[in-house]
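Below: the structure, in structure tokens.
Just so you know, all these numbers are worked out from the coordinates, no wet-lab data involved. Note that the structure is predicted; figures quoted are calculated from it, not measured. Reconstructed Cβ throughout: ideal geometry from the backbone, glycine too, with neighbour counts over all protein chains shown.
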Amino acid sequence: MNEVRKVSKLTRNNWILDAGLFLAALVASLSGIYFLIFPDGGYKGGRNPYYGIQIIFERAGWEWMHTWISLAMIIIALVHLIFHWKWVVNTTKRIGRSIIERKPIGNKASWTNTLVNGVLGFGFLICTISGIYFLLAPHTKGGLIADPMILFSRTVWDIIHTWSGVMFVGAALIHFVIHWGWVAKVTHKIVKKQELNKLQPMSSEI
């Protein structure tokens, strides 16, 4: 039987966080795509031909998933940020030093990773802020309730939320591809370790 190298506690915790973040982001993205394709408002046969349509769940179910799974994603992302805060601080210092000295620091791969992470973080921040707006601001219900007009109109907030979400998802996909080697390697070790743990009690009984 081939020996499986142990995964450190830190690596395992990072993997669990990343897995939870991936699943939460997947659900939030799919529900966001649903709202993008099937907008609210209008009436059947009128301005919104998709009014009242049900895809797997009713609209209320999609809203529930998008709201609460997105909140879970934000919490997991904050924990993820705390785990990687040292990297954030060091990278910020390196970028500042590079700008002051006017010379690149690190290779092309590291700068690509930094750029992707920067876009990812920015898109996530704006998407989170605009999402909190929709969580706190009352729904206009097709214009029956006045727009609260917090900084921007609800329409502008909707545009900001949509395109920052697109930016976040796009950068997240690139981030996933860049780190695919690490994901596949650690996942393989964890799965193999679980399989061995299941086989060990059986072998001891023989």
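What to note about this one:
- Entries of Lys9/Lys193; Lys6/Lys108; Lys6/Lys185; Lys6/Lys192; Lys9/Lys86 with Cα pairs more than 22 Å apart: Lys6/Lys108
- Sites Arg94 and Ile132, calculated FRET efficiency, Cβ-Cβ separation with R0 30 Å, nearest 0.05: 0.45
- The fewest-to-most ranking of Leu17, Leu115 by surrounding Cβ atoms within 10 Å reads Leu115, Leu17.
- Once the chain from His179 to Leu26 is taken as fully extended at 0.36 nm per residue, the excess over their C-alpha distance is 53.4 nm.
- Remark: region 27-34, residue by residue, has Karplus-estimated 3J(HN,Hα) of 5, 4, 5, 5, 5, x, 5, 4 Hz, where x stands for each Gly or Pro and the curve is 6.51 cos²θ - 1.76 cosθ + 1.60 at θ = phi - 60°.
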